[in-house]
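The values are calculated or read from the model by the stated rules, or taken from the named source; none is laboratory data. Values in this document were obtained by computation on a predicted structure and should not be read as measured data. A quick note on method: Cβ atoms are made from the backbone with ideal geometry, for glycine too, and the neighbour counts reach across all protein chains shown.
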Amino acid sequence: MLDYLPFILFGLIFLLILFGYPIAFTLGGLSIIVGLFVFDSDFFYLLSLRIYGTMQNFVLLAVPLFIFMGMVLEKSGIAERLLHTMSMLFGGIRGGLAFSVVIVGAMLAASTGIVGATVVTMGLISLPIMLKKGYSPNLSTGVIASSGTLGQIIPPSVVLVLLGSVLNVSVGDLFLAAIVPGVGLVLCYLIYIFVYGKIYPDRVPSIPKEELQEFRKAGFSLEVLKSFLFPFLLIFIVLGSIFAGVASPTEAAGVGTFGASILAIVNKKFSLSMLKNVMKETTMLTSMVFMILVGATAFSLVFRGLEGDRIFLSIIQNAQLGPTGFLILVMVMVFIAGFFIDFIEIVFIIVPVVAPIFVSLGIDLVWVGILLAINLQTSFLTPPFGFALFYLKGVSPPEVKTSHLYRGVLPFVIIQLVFLVLLILFPEITNLARLGLFSP
């Protein structure tokens, strides 16, 4: 019976989450009950040591700092200004507005790493404009939702920070390994938009010349400089300090938070009410993440105490899947789980179970971390519970239907899956930056 108990626990937790019970309390509550049943009251002593050890993890301090940084950039209007300037810069090209959304989404991802904030910001700013300019609702929603999820893979990503903690690998290595896949994914999006515009030119119009000339009459160069210089400088300081070894991810996050606040002051958007809203949302998001982390710590302790990882490994070995077969199995499992549960839940439930098996099979955990990040990015777009779809639908005009979102994101989901397969077949792609070819 005890041999099956780890999997009964895993199944019960997954089932209760599907029924809508809070993930943090489901993870922690069920794990504590099983822990008391199996290990007696000594379990509480072991659990307190594990939780205290987790809370002492210096790297995890980067999570609230990056969230705060992203919220400041969203509330200060820097993202809105950047998108407007970019759309005018590419406005003369067919699909230029869609190109702008993807590039700005990538820049926001490199500045914030927060999917929800990016999707909502891009949805509020760009969706009404795209629809007004005659863009197809399918393409508009697909471009916004997919570009908003780039924060999952482009550093500094909160997901990569959490994966680094769970996989016990350097967050800096994960950030460096994610550069080439992140840029590659952006290029794939741009290529798709270009091809789509060639096939359906009426659905991807260019901005009228009169409107472009009006914008470029006076002060255009200065506006471009102001819009791009400061965000690029912030990205360079945050990521450059990590890659150069000058600062840890946590220290760089602190510098980024300070830099984002300075940008808000320079743009005259900083106020006590804005700061209050930013602090409130940061506290709520951080509390959610860390409550789930505490529950996941309890689950991990019980699962390993019941030798679930050893039983799981023996099943894999008996099935003779091998490293590649097991990797594919995990990727399929994560992709399917992304249809139903949030990425944080996947990181803290599934990843700790499979991580020791990856180690025993001799698989590079940094490479695995990048594959998981892209897979989790896909989970944001997959119906019926893709969170990016929920975020975008919440800020969409009434004429945008849920069916538009589903049809719009489908090509981008396919692009991400093809890209994921490409990274599995050619793992050296994730090593390009790590080998120093693209490092600063």
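Among residues of segment 314-326 that are closer than 16 Å to ILE424 by Cα, those with a beta-carbon under 9 Å from a residue that is surrounded by 14 or more Cβ atoms within 10 Å (Cβ to Cβ) and at pLDDT below 70 at least six positions away or on a different chain give the pairs GLY322/ILE316; GLY325/ILE316; PHE326/ILE316.
Residues are listed down the side, and each one gets a yes or a no for (1) of a type in the set (Gly, Ala, Ser); (2) more than 20 Å from the chain's Cα centre (by Cα); (3) surrounded by 17 or more Cβ atoms within 10 Å (Cβ to Cβ):
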| residue | (1), (2), (3) |
| --- | --- |
| GLN377 | no, no, yes |
| ALA388 | yes, no, yes |
| SER396 | yes, yes, yes |
| LYS401 | no, yes, no |
| GLY408 | yes, no, yes |
| ILE414 | no, no, no |
| ILE424 | no, no, no |
| GLU428 | no, yes, no |
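Here PRO208 clears all of (1) farther than 14 Å from MET71 by Cα; (2) modelled with pLDDT of 85 or more; (3) not small (Gly, Ala, Ser) except the condition numbered (2).
Those helices (runs of 4 or more DSSP H) of segment 113-208 in which 3 or more residues are without any contact (Cβ under 8 Å) to a residue 24 or more places away in the chain occupy 171-199. With LEU131, LEU190, LEU163, LEU124 as the choices, which residue is crowded, with 21+ Cβ neighbours inside 10 Å and not aromatic (Phe, Trp, Tyr)? None of the others qualify; the one that does is LEU163.
From the set of residues in segment 83-97 that are among the hydrophobic types (A, V, I, L, M, F, W, C) and modelled with pLDDT of 75 or more, which is surrounded by the most Cβ atoms within 10 Å (Cβ to Cβ)? Checked segment 83-97; the qualifying residue surrounded by the most Cβ atoms within 10 Å (Cβ to Cβ) is LEU97. Report whether or not SER396 is part of a loop (DSSP other than H, G, I, E, B) and out of contact with any strand residue (DSSP E or B) (no Cβ under 6 Å at 6 or more places or on another chain). Here the answer is yes, as SER396 does meet what is asked. Taking each residue of segment 228-257 that is outside any helix (DSSP H, G or I) and looking for partners that are not polar (S, T, N, Q) with beta-carbon atoms closer than 7 Å, six or more apart or interchain, yields ALA244/PRO440; ALA247/VAL255. Inspect all residues belonging to segment 405-412 and state whether any of them is touching a Phe, Trp or Tyr at 6+ places or on another chain (Cβ under 7 Å) and either closer than 17 Å to LEU329 by Cα or among the polar types (S, T, N, Q) (or both). For segment 405-412, residues touching a Phe, Trp or Tyr at 6+ places or on another chain (Cβ under 7 Å) and either closer than 17 Å to LEU329 by Cα or among the polar types (S, T, N, Q) (or both): absent. Criterion applied to LEU376, LEU381, LEU422 was being outside any loop (DSSP other than H, G, I, E, B), in contact (Cβ under 8 Å) with a residue 24 or more places away in the chain, assigned by TED's automatic domain parsing to the domain that holds PHE326 and among the hydrophobic types (A, V, I, L, M, F, W, C), and the one residue passing it is LEU376.
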